Every structure is written in structure tokens, then in C-alpha cells.
Amino acid sequence: MTMQSIGRPTRAEIQPEDGAQGRVGRGLLQDEPLIFERGRFDLTGVDFDGTAEDADLSDLEGLVRAAPPALPGLSEPETLRHYVRLSQRNHAIDLALYPLGSCTMKHNPRLNEKMARLPGFADLHPLQPVSTVQGALAVMDTLAHWLKTLTGMPAVALSPKAGAHGELCGILAIRAAHEARGDARTTILTPTSAHGTNPATAAVAGYQVQEIAQTADGRVDLSDLAAKLGPHVAAIMVTNPNTCGLFERDILEIARLTHEAGAYFYADGANFNAIVGRVRPADLGIDAMHINLHKTFSTPHGGGGPGAGPVVLSADLARFAPLPWVTHGPAGFELIERAEGDAAAALGRLCAFQGQMGMYVRALTYMLSHGADGLRQVAEDAVLNANYVKARLSGVMSAPFGDGPCMHEALFDETWLEGTGVTTLDFAKAMIDEGFHPMTMYFPLVVKGAMLIEPTETEPKRELDRFCDALLDLAAAAKAGDVDRFKGAPFAAPLSRLDETAAARKPRLRWTP
Amino acid sequence: MRFTKDHEWVELDGDTATVGITAYAAEQLGDVVFVELPTPGAKVQAGGEMAVVESVKAASDVYAPLSGEVTAANAEVSENPQTVNDAPEASGWLVKIKIADPAQIDQLMDRAAYEAFLGTL
Amino acid sequence: MRYLPLSDTDRSEMLATIGVDSVEDLFVDVPATARLPGPVDLPRQASEAAVERTLGAWASRNRAAGAGPFFLGAGAYRHHIPASVDHLIQRSEFLTSYTPYQPEIAQGTLQVLFEFQTQVSELTGLPVANASMWDGSTACAEAVMMAARVTRRRKAVLSGGLHPHYAASAYTLAHTSGVETRKLAAAVDDEAAVIAAIDSDTACVVVQSPNIFGAVTDVSEIARAAHAAGALLIVVTTEAVSFGLLRSPGEMGADIAVAEGQSIGNGLTFGGPYVGLFACRNELVRQMPGRLCGETVDAHGRRGFVLTLSTREQHIRRDKATSNICTNSGLCALAFSIHMTLLGGAGLARLARINHARARSARDALAAIPGVEVLTPKFFNEFAIRLPKPAEVVVEALAKRDVLAGVPFSRLDPGAGLDDVLLVCATETTLPEDIEALAGALAEEIAR
């Protein structure tokens, strides 16, 4: 069998209640039941114009539900309290450093929110006549111009709804390009350290996935890549900077080998924030790359989405971009929605409408605010902050790939904890008690007990120092044998560790009366 | 009982092999939360994917140690995946396979050899 | 730059701690030929006021839906959203948090997801719902792929009443994996054709109700035919408010229900971000795409919530995952859930009845115009009409008179030969004077 043990205990040992714990229900942090336990099934918190009771339903005989959906309603004040109380159980970037590697939890400027809510953007139907949405198309066109200029690429498909959707878009364009030449290729190569979305996307797009080995210094193994490339390989998918926080220093050679084999170079642009304004992917030999607007261009993560994943494309791939797209016409901007003329080769439609307009407005607001000079500073400060954290922690925590500079995130492993009885998981959970969100753990998979720290450029030095001081203090405690500080952690969170094993064995996925 | 390098065990009774994962594997995986088993009648190839054992954070393929036809799947482990942790080499068995060629089993390790192999990991 | 807190002094001190002379030294791994010497050719940083002027100018070049008579639907619907919804989703703790991977400090998001899943389950009439998809169209495409996995079959029959963009999105996702999507000819009612198209290779049948022509149909017969052939029934709903009035997909025999949830809590926003709803029967849960939130207890036995059944997902199963989806539509799901909490089942039922009543008024007003033929006999809040002229021409002409009359069917499906068909939608935001304006302007354009 495959042994995918990654050593994470997922069952919470039941612990006795003590004074320091069980804070929920006391003080400011009150217990909050489910809406189904507090709402009334005949109440509503919305008043309507006119009466609904006299609606004539005669047209719909046999199609009407027997009773309203069995969902409770809450008045507005109760609704506010419910959600505000729930919100207080979340950590957030607005509270403290949120160093999730690979996730780019940076400050979300509120001007972006304000602009996205202008009625001229927020109250716009996707199928209005194009003569009534010229400003919206101007936003899309300007965003496209910025993305193309920053990447050096000639084309961009805006509509992908998130990074993984962007990956699919890019791989489908590559597939279409091969097919247009009558070249049936079967395989996509991706490093072992790749984000899970890369192999998943390749499989969704109908490809087999083969892994490329990694060198001892955390980069793509060129000889392994060369050995695995061949006429069956459609593309490689490589993240750069990679998931170990390192720049693929042989990237030009990677591109050359790939192109020599007739394959395309797809780059996962999740870490574009490390190089934006300083390095253009086109100059690295990349053929297609998605850009997570919710990472590099700071549209808010919102507890798991929405994102947006525009894909920049090389000249060779541009004509396969999905519909729709914006062009300049004699009477202003036009929206190309039909696969005819110049769009005859388009790979089709990825989703119902134009993509994540709300995210376009936010991202463009962010870009215009920073400008070309500010974006360059973003990359510099992101890299500087990560290297500062790495420098301050390296004396104590072990870095798997040596002393060289990292890019926007600092990677540590578990070897420095050996013999302490404390694991990466324990260490991360103890960070919660110090007021920080844990770093990304156990990813990338190629590093045992990985701890991936991405501070981002929006952290002041004082906060970085507070963070490093806290981690060094925890590290000292671990080495001194203070295992109790870790094993039951977190102690100061709304809840202690949760029993994920029980959740998975007997799933309860909705409330039942 | 015989063992594979992929941590499956086999117990042969006539031409019927009972197959499970070893205590070492169960320990490494942590709490098993779900087991996906083949339906009786399915043909399996030695070394081919036969079942999936899942913990919260990992899904591991279990390979068929021998070729043959599945005659039974252990309903107990489907119902209570915990059984794989509690008794991996007894009531936590996964499937029974009617094997085509009993000589196949000679390719597998005995317990001493398996334990020596574990020592090298 | 107002978002960057480091001072030049900070930077110097930090470089000294790192042990390098300049930031340039941190980029040594970048090939020299690829290092840009200075900023790219784009404008420099700008003040908040300046950026606001630029964006404001673009926004003013759009005709907002609420600025006058407005009758567009076809997959995106204009409803009133209570002010408290937008206020709550802008709470820092919701807006600026990540996917709840650390449940101890993400119970807010997790409890919301559990409540959201329960609401979606109740509305769709199916026992399990996930924590959201990108939108209705991508949820529909994923449902087709899921049905192919469950049945191990490679063909999907798509009703001619399915939104053409949904059919196109399903094709894009499915065809590369060898799953064929067979789209039937566009039709207001194609029950017989759908049933006739089902065979022993059919993985699933995809039917929309209310469909793209607004037609509400009882899909029970199609469900029976699909199940008899060993296929799954996927029911698509693009107007979630209709759940307040109509029999649920689950009640009518759906195995999987997908919907666009935008109507509840989320604005039009020119097409996104929206929120896909995805529900199914219990037995199918392990083939579901997307995140799932489940109930459990913490180490002190207190109730809490976690993401669960994650071995289906890309970050664990990689190339064997049920989908490549990672980021979903969390904040839009929150908006949906808050609005749904304010409405309650009773409020949603009232809202749905008002929508139906307004659409009936619009239908009656338009049916009285000579040359207009109403094509949809049973509808919820939108219906199709046939005009004596190409609908795109009429819509463009009415737009010049500041009446946004609806969606020409040819915009969605240019090849269908339905150039004279207009899709008209009315909601609770449609006022009697809006209907008068539309009817008056349309009558004049037709007579012109």
C-alpha cells in the first residue's frame, strides 16, 4: 500500500476542564447556538412592499411546494448578534500576522471594497447591452493591460474564477494548441512539491501526471526533467518561486528543455507576489501562467473565497483563450462572446459570464494605488520580510535547503524539534496562544514536518519582531522540555483541538432537529 | 502469514487468501476513518490497486498481494473503520481472494523477513 | 506607499540582520537577464482620492440596473439585499480570514458553513450540501463529472431548457475527460425528447427548472426514466428565490441539485463573484467536489466544526481528487446565509410569491401588445416572448430609451434560430411604473 502517513494526530484527547479554558460562554465570548436552535420558523427579518398572500398561483398547479422551506428567520438585531458573535471566533489578518505560506495573507485595502460597491459596478447585469456597460469593459481592458505589462505576455484570459480554474484554462489552451497541430500528447510533468491543484487539474484535463524529482537544494532536478521529457509530454507545471519559497534558478534551462521537447511551460503563479514588478514571466520562457488576484493583488480571502484566476498566455496560445473577451471596436469596447472570426479557435466557455468582476475592480484599484513603482516595492518588501524572519529564526529552527536567500516565504522543517516530544503540529497550535495564526504546516510534502512562513510586505518590522520573539520563546520552551505548553495547545482559543477523526468517521454535515 | 513490502499481509486457507494491512501500516496511518473495498466478484492483479484506506489527512491505496477474484469484503471494517486500528492482522482484515495460483505466495516474505525489512526503513 | 509599513531605516536594519548589502542580493537566484532594472511602463503610485476619481469615472459610464426600468434575468437576478448583509460580510474577521484550516480559531467561518450547508440542503430537498462552488455554471459542470464517476458512464444528456452558458461550461470541463455532453435543441418544454435520449450509456440527465425560458416543470417523469436506465438526475436552478415557492429538486427525484445562489445575498456585479450551491443524496457524498464542514467536539467535549472528508480533495488526493477546486466562494456563501437567515423559510416564501406576482403583471402587460406572443405558459419570475423583430435590435433600441428590456435569446445561443425570442424577468424590485415603461416602449418599437 502507499504509505501517506504525515504524522498528524487528528483525534483530540479529552482533557479535564480547568480554569484557563472553557472561555466560551463567559465574559465577552458568549456561546452562540446555531440559527436553527434560536430562530423561529414563522418569523422573518425582512419587510416587503405589498402583500404576497394574494399572489395568484393558478398557473403553477402541482408545482408549488406544500410548505415553506423549514428554515428559521431572525429579526435584524438577532441576526447582527449571531454573526458578530461568530465573527469573534475567527482569526483575521486585521487582528495579527497571518503567516500562512503559499496563501499570501496581506492587508486588504478598504478602498478596494468601496470601489467594488459603486452601483456602476455592483449593480450591473452581465448580459446588459454592451453600450450600457462601457465603463465595466474599460475596467476589464485596463486590468488586462496591467496584467500583460507586468508579465510581459501578449494575452490574458480573465474569466477563470479561481487559481485552480486558471490552471484548467491554461492547460486546456495547451491541449487545444497540441490538438490543432494533430499532436496527441498524454502526460504532464509536475514536481513533487507542487500544489495539489496542479496534478488535480492535469487529471481533470485528461492527462496522466508524472512527478519530477527535486534536488537537495529544493529545486527542479534538471536531469530528471530531461529524462522524463519526450514526445508524450504536453506540458510541465512548475510553481516559481516554488513552494519551498525558492526561485528556480535554472528556470531558463527548464524552459529550454521543455520547448525543445515540444512541450509547453505552464507556471503556477500563486507566488507571483514575490517577483511582481521585478521579473516578467515572459522573460523566463513561460507560456501560460495564472495569477491569483486574491493573493498578489490583495482581493480579500473571505474565509475561503471568492478568488479570481486570470491566465496570461503566449502568442502561440492566445487564440485558444476562452470566451468571452473584450476588444476595441469602432463604437467603443466590444465583448466577444461567439466562437467565430478571430475567436474561432477559442476553447469555449469556462463559466456562465465574464468572470469575477467584483475582484477585477478590487485588483485594479490595488494596482492603480501602488503603480508600477509601488508594485516593485511590494515584491522587494515581501522578500525582505521573509528573509528577515528566516535570519532571525535560523539559529534555532532548521531550514532544509541551507542558508541562501529565500523569496517571499521562509521554510523550516521538523529536525530541530527531534527529541523534544513536540511536533510541527504542536508547535503550530502553541502559536495560537501567542496570538498568531499558525504557519502552513506539512506542506510542501517533500519536507518532513514542513513549516512554511509567509509574512507578506504589509507587516511592519515591529510585528515581525514580536512574531519572531514569540517563536523563539516557544522554541526555547520546547527545547527545555516544557511539553505541556504544546501538547494541549491551544489553551487560549475559543475551542481546544477538535476531534477530526470522529467528524470523518460519522459525518454530520447539516443540522437535524 | 506472509507479507509484502507494501505492508499488506496474506493468510492462505486452501485457495482462499485473506488480506489486510499490517500492524505497522495501521500504526503509521493513524486513525482510519474510511475503508473502500472492492465488491465480491472483482478481479484483482498482484500489485494492482485493490482498496483504499483513509485517515483524516491521507488516502492510501492498498495493493493486491496476489492475483485472483475477490470473494468477500469485510463489512465490519466498512461499518467500523476503527477495527483496522484495533486488530489490523485479525478482525480488521479487508478482503478474501480466491487465488488462481497458490504458488504465488512463495514470492512473499515470512514474518521474520518482514520484520527485518521494517528494520531497514 | 500607504500600504507598505517599512521605513528606509527598517529596511537597512533588516538587511544588516540578514547579512546582505541590498535587496538586490536577495534576488540572486533570478537570472540576470530576467531582472528588470526599474519599474515597468505603467503609471506610478496614486493617492486614494486619485484612484477613486479614476474608478468613479468608469463606474459612471455604466447604466446601473437600479437606475431605471430593468428586466434582465437569464442566470443573474436583481433582488433587494438588506443593508445588514453587506455590513456583516465586511467584518474583518470574515472578510480577511483564510480557509478555516485551523478550526480552533476559525469557528466563526466554520459554523457559518455548517449553517449554510443546512440551508442549502433544506432548500434543495437533498440531505447533503457542500460549502459552495464558484457559481451555478461551474457547479453544473462538476455535477456532470461526478455523475460520470458514480455511474462509470461517459455520456450526459443536457435538456434544451438548460442555460446555454451552463451547457457550454459543462462541455468544456467534460469533453477532455472523454465525457460526451449531448445538448438537445433549445425548447421551452422538451420532456419527451429528454426521456427519448436516455439510454444505457447515460451517466446523467441535466434538467433546469425554472429553465432558460423561465418554464417551471415537474421533472418527476424524467427522474423515473433516468433511474430506470441507471442514470442520475441533475436538476439545475439559476434563480434560488424560486426555492421559496416551487417543489424542491430532491422532492422531484433529483440525485444531485446545483444552483446559482447569487439571488440571495449577492449583487449582480456584472457576472461574479457568485456562489454555486451543490447538494446530493447521502450515498454520493464521497464523490462530491468541494469542501465539506462537519460537526464534532473539541478536547473538552464542546461542540465545534471542522472541514471534513477532505481525502476527496486536491490537497490530499492530488491527481485522484474528485475535483481540482480549492478556493471556493466562502464570502458569497456567507452573504447568502445571512440573507437567508433574515428571510427565514417564511420570508423566502413571501418573497417568491411577490416575484411571481410581479412577473405575472409584466406578462399580462406584454401579452396585450399586438405582435407579442408569450412562449412560457408556467413560469416563476421570468418568461420568454416572441417578437415580430430580432430581439437584439429591439433591446438595443429600448436601451437608448433607458429601458433594459431583457436578454435576447440569441445573445446566449446565436445558433438556435431563436433570434426573435426575448427573455423577460421581473422581481420584487420591479415596480408597476417599470412595467408600464417597458410595455409602452416595446409597443412603440414594434409598431415603428
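Just so you know, all these numbers are worked out from the coordinates, no wet-lab data involved. Here the structure is a predicted model, which means the values were calculated and not measured. In this analysis, Cβ positions are derived from the backbone assuming ideal geometry, glycine residues included, and neighbour counts consider all displayed protein chains.
Remark: mean inter-chain Cβ contacts per residue of B:4-14 equal 1, using a 10 Å Cβ-Cβ cutoff to other protein chain atoms. Sorting C:HIS300, A:HIS125 by the number of Cβ atoms found within 10 Å of their own Cβ, with the fewest placed first, yields C:HIS300, A:HIS125. When both bridge partners sit in the protein assembly as shown, DSSP labels roughly 70% of those beta bridges antiparallel. When the listed pairs A:LYS228/A:LYS448; B:LYS57/C:LYS320; C:LYS155/C:LYS183 are checked against a 18 Å cut-off, the alpha-carbon distance exceeds it for A:LYS228/A:LYS448. Normalise the Debye intensity by I(0) for the range C:129-245, one equal point scatterer per Cα, no solvent, then take log10 at q = 0.11, 0.22, 0.23 Å⁻¹ and round to two decimals. Treating every Cα as an identical point scatterer, log10 I(q)/I(0) equals -0.31, -1.29, -1.40. Within chain C, the proportion of Cα pairs with more than 33 Å between them is 44 percent.
At a 10 angstrom cut-off on C-beta neighbours, averaged per residue, how do the peptides A:268-275, C:17-24 rank from highest to lowest?
A:268-275, C:17-24
For chain C, the antiparallel share of DSSP beta bridges with both residues in that region comes to about 55%. Ignoring the sites themselves, chain A has its longest run without GluC sites (Glu not before Pro) in a DSSP loop having at most 13 other Cβ atoms within 10 Å at A:62-339. Compared with the dominant principal axis of the Cα atoms in chain C, helix C:330-367 is inclined by about 30°. In plain terms, the bigger the Kirkwood radius, the slower the diffusion; for chain A, with that radius from Cα pairs, at 10 °C and 1.306 mPa s, Stokes-Einstein puts D at 62 µm²/s. Shape class for chain B, computed from the alpha carbon gyration tensor (a ≥ b ≥ c): oblate, with a/c not under 1.5 and a/b at or below b/c. Per-residue ellipticity at 222 nm computed for chain A from its helices equals -10000 deg cm²/dmol, with DSSP H segments shorter than 4 residues left out and the rest contributing -39,500 (n - 2.57). Counting Cβ atoms of other protein chains within 10 Å of each residue's Cβ and taking the mean over peptide C:42-52 gives 6.
Cα-based values for the protein assembly as shown, radius of gyration first and Dmax second, are 28.8, 95 Å.
The Cα-based radius of gyration and maximum Cα-Cα distance (Dmax) for the range A:354-513 are 19.0, 58 Å. Ordering of C:312-322, C:357-367, A:302-312 by packing is A:302-312, C:312-322, C:357-367, highest average first (other Cβ atoms within 10 Å, averaged per residue). Which value results for Rg/Rh of the range A:294-425 when Rg is the Cα radius of gyration and Rh the Kirkwood radius based on the inverse mean 1/r? Looking at the range A:294-425, the ratio lands at 1.15.
Averaged over peptide C:5-18, the number of partner chain Cβ atoms lying within 10 Å of each residue's Cβ comes to 5.
How much length would be gained if the chain were fully extended between C:ALA416 and C:GLU444, taking 0.36 nm per residue of separation minus their Cα-Cα distance, in nm to one decimal?
Result: 7.4 nm gained on full extension.
Overall size of the range C:236-390 from C-alpha positions, given as principal axis extents largest first: 69, 36, 33 Å. By the count of other C-beta atoms within 10 Å, a proxy for reagent exposure, C:SER337, C:SER60, C:SER47, A:SER102 are ordered fewest to most as C:SER47, C:SER60, A:SER102, C:SER337.
Note that the range C:36-142, at 10 °C in a medium of 1.306 mPa s, gets a Stokes-Einstein diffusion coefficient of 84 µm²/s from its Kirkwood radius over C-alpha pairs.
For the range A:342-416, what is the convex hull volume of its Cα atoms per residue in Å³?
Spread over its residues, the Cα hull of the range A:342-416 gives 211 Å³ apiece.
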